[in-house]
Structures are given as C-alpha cells and as structure tokens.
Amino acid sequence: MSTNIGRDVVSIEETTKQQNYDNQDVISKIIGDFGKWQLHLTFFLALFNLPCTWHIYAMTFQAPDVEFWCAPPKELQWLSLDEWRNISHTPSLNHHSKYDYNPCLIWDVNYLNFTYDELINSNFQHQNVGVRHCEKWIYNEIQNSVSLVSQWNLVCERKTLKETAEMVFLAGVAIGGLVSGIISDRFGRKKTLMSSLLLQIIVGVLMAFIPWIEFFLVLRFLLGFISVSVVFSGFVLCMELVGGKWRTISGVSYLFPVPLSYIIFAGIAYFIHGWREIQLAISLPGILLLGLWWVLPESPRWLLTMKKIDENVEILKEAAKMNKLDLTQNIDKLLQQTTSGEDKTKKNQNVGILDLFRYPNIRKKSLLLYVIWFSVYFVYFGLIMNLSHIGGDIYINTILSGLVEIPSIALSIIILLKMGRRWPLCLTFLGGGIACLMTLFFGEDRETVTITLAMFGKFSIASSNAIAPVYTAELFPTVIRNLGVGSSNVAAGLALVLVPYLWNLASIDFRLPMTLLGVFGIVGGVSVLFLEETSNRPLINTIEEGEDL
C-alpha cells in the first residue's frame, strides 16, 4: 500500500549483515547478492503494491465531495432546481463553506400551503421562520452513478461516517502492520503473502455487494488489515531474496508501483464512476497475481531460520542455476552449521519493550523516532488522502501526485547510497513542511500555486518516507532492532487514524489543515538533528554498543 504501508519495516534485513554466523551472508555467498533470479522475482513482488494502494486511496473516488441539496416534496418536484433552492434553502453560517446556502436545513413551513407566485416571491429569512433538518437529498453526480455519499446519505449529521470509513481502514493498517510480521515469521513469507492476497480479493469483491454501511465499515477495517499484510510480507520476501547494497536498492524500488497505482487509478475512476463498479475494478485484478504462487519461492533466509534445509537447497539450486553460479559443495552441511551457530547467538538476545526506555541513549532515540514516524505518516498521508481539498481537478491532481513521487523514490536511492541518512532526511522533511506552510500566503483563488506547492511538499515528504525506515533500522542495536522499528509503527499508526479527520478543521479555518501539515513537517525535520549519522559506520549489535555512542 502507500503502498507506503510496507515502509514501516523497510531495510530491517539490510542492517543485520554483521551478526556472527550471519545466515544472510551465507545465502548471498551461494546465490549472489543480485542476479537474473532476484531481478524477475523482485519485479513480480513489487506488483502487489498496485491493488493495495488502490484500496487505501479508494475513498477519494468512491466518496467524493459533491454538491447536494434538500430534496423537494413529491408535490413540488415540478419546480426547477434553482426555484426550489431559492425558496427552501437557508443561508450558510460557515464563511469557509463552498456554498452560499446550508444544504442540511430548509425553512420549517408547509410549502403546499403556498401558491406558485407566493413561493417564488417568498422571503422566509426575514419572516422569523424556523428551520428543520432535511430528510432526503439530491446529489449533483454523473448520470446513473452512485457514490458512497449518495448511497448512504453521508452528509450533514452522517458526514462523520465518511471519515470513519477512512479511519477504520487505516486503523486496520496500523494494527495489521504489527500483527502481520508475527504471522509472516510463523508461517512464512510466501504463504502469508498469497493467503492475504486471496483474502484481499474476497473481501474487496464482497464489499461491492453489501447493502449496509455498518457491514461496509467492518469489511473496510479487515481490508486495511489484510492489505498491509500483503505489502509487509511481499516486502520482506523481496528484501530476503537479495544481499549487500541491493537491499537498499530493492527495498526502495519496491515502492515504484505505488505512484504508478495513483496514475492508473485516476484513469479507472475517470471512466468508471459508481462506487460499486470502482470497488470491483480495483479488487478483481488481484486474481492475476494469484498465478504467481507457482513462480515465487519461499524466502531462503526464512527457511534457514526454520531449519528447513532440504526445501532451501532446492530453491538455492534453482537460483544459482539462473544466476549462472556454481553451487558450493555440500551446501546442506553449510546451512546446518549456520543454523547451529545462530542458536548459540540467540541465547543472549532476550530483550523486551521496556529495553527501549531503560537505557538513556536508546530511550532518546526511541522517543525522537516516534515523533519522526508520526510526522512523516501524518504529512504524507495528509497530502495523499486529501487531494480533493487543495483545489483543481481531482483526476489531474492524482496523476500529478503519482508523477512527482516517481523521481522522489529514485532520488531516495541515490541519497541512501551516496549522501547518508541524517541531513537528507532532515532537509526533505523541512522541504515538505515549508511547502505546505507557503500555501498559507495564497488565497483559495490561487489554485495553481497551491497545487504546485502541495506537489512539491509531496515530492519532499515521499523521499522522507523512503529514508526514515532505513535510518531507523540502523539506529537500533541488532538485538532490539525489530522491536524498535515495530514500536515506531505504533506512532505511525496513530497518525494514520487521525489523518481522515484532518480536513474537518477547514470548517474552522481553511488554512488549518495545511498549517498542521507544515508544522509537523518542520517538527519532524528538527527532530532528526538530535540523532546521529549512521552511514558508513559499523552497525551496532548490542545495547552496550548503542549506549557508548
């Protein structure tokens, strides 16, 4: 997912290459760091991001902001739309509303008691007439299309259900990001990936036919949970197939389909308008990926950890053959020796969540990284999921959002390989924050400038989103690395839950959402400066080494 869902664990494997009896070095020595075998497999794995990103972005097109107004009584449906609105609608009290009327209220009178001329010439606003809530609405939607908004009247008092639908998906992502790692470690990368994909297809298709919004919300939560499992397990498998610097390159390149999915989705939504039809259009393509069950192998490194030597040998033989490498003699014995050495190493690695806060240096890193992860997710998804609010055409904005992220991901690879972590992360954070704040100097009538600045902010924060997980994994000692990255995901999950409600603040002041995005961009960038650089230094393996820095 963005996406981006898999970024919370990127490059954990990259940072373990200096452990004693490192099984990853053994695998790389047998099949090489990167070759033809790894190339086509990592390409296929990256494709799993497409349906996952579509699902996280679906609400943008399934529940767009559309103009709506109270429906007239059956007896007055012969009135023209303009006539009915002029007669019935009360003035808007919200100065930041896009409408000059309140579409949730009408004058509390019996309209059938008036003649046509009396209705046309009426001025209820100056007649001390009360108001009442509308019971039905008319929506200005494309002919024969039904959005989530019009399907279940997600307007006025029920508008919060629209944000709730986004929130429950992202809550599922946050929880699934923690749980899917446990599932993947227990049952394997391939089984977790393909079973999650199958469930994603089933749940996604089922959502297109449900008649109740309550059931929709439950399935939306499950879809978020399942989608992050797809991205997580696919990413880990991708990382465990390669070695050396290719872990950085493959880990970040795994994200290239994410911006591509934005562009494709804009095309899908342009030609398919009903929310049920869109749901089917983004769910059914996953069936094509099911065929990869017969192509993708299980992770050799996971098999080694689970001591499944015979199955591992068969996979390594195939990989070495495709990479045109000669197999090491007696590789089964070599693998057995490696697992034996790891058993001895793991006996001294009993750590828990409290160790993140027991030691001063690690405690400082943990707290700062929580701020950083909250900020990067809040700004990135705050921009992605609210493109319809920054002005302009939503289809063009979505395409532009994808186009600016492609070079951002490519730039992140170069930065990670050549320029380190600390300052690039700080500067991309600040760039995104400043771009968001600069939109405050331009009114709502300067859409082009606002969109340009928002896209620059998206470019910058997308780079931060790729760098932050790599940096995080390198900051923690080996014995506590997975725990440190996993706990950082909790802070990111909190940001995900809050993002759907961000643009509600525009009803108070239209500048508030972009102000918050800008502030958190700067807060995240400044927080990075309190951490040390990790590039070109030996990885720390023990808590004691981490405290001595």
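The values are calculated or read from the model by the stated rules, or taken from the named source; none is laboratory data. Remember, predicted model here, so these are calculated numbers, not experimental data. Using ideal geometry, Cβ is built from the backbone for each residue, glycine included, and neighbour counts are taken over all protein chains shown.
General observations
- Filtered residues of segment 64-88 (kept if under 30 Å from I390 (Cβ atoms) and either of a type in the set (K, R) or at pLDDT below 75 (or both)): R85
- Qualifying residues in segment 406-444 (those that are small (G, A, S) and assigned to a helix (DSSP H, G or I)) - the one surrounded by the most Cβ atoms within 10 Å (Cβ to Cβ): G432
- Qualifying residue in segment 362-372 (condition: among the aliphatic types (A, V, I, L, M), more than 24 Å from L170 (Cα to Cα) and assigned by TED's automatic domain parsing to the domain that holds L430): yes
- Pairs where the first residue, in segment 267-279, is aromatic (F, W, Y) and buried (at least 18 other Cβ atoms within 10 Å of the Cβ) and the second is part of a loop (DSSP other than H, G, I, E, B) and modelled with pLDDT under 95, C-beta under 6 Å, 6+ apart: W275/S147
- So N397, is it polar (S, T, N, Q) and surrounded by fewer than 19 Cβ atoms within 10 Å (Cβ to Cβ): no
- Residue list for segment 481-509, filter: over 14 Å from L369 (Cα atoms) and touching an Asp or Glu at 6+ places or on another chain (Cβ under 6 Å): P500, Y501
- Some residue of segment 339-355 being assigned to a helix (DSSP H, G or I) and at pLDDT 80 or above: no
- Test: residue in segment 403-414 that is of a type in the set (D, E, K, R) and at pLDDT below 80: no
- Top-ranked residue of segment 506-518 - restricted to ones that are modelled with pLDDT under 85 and part of a helix (DSSP H, G or I), ranked as farthest from V379 (Cα to Cα): S507
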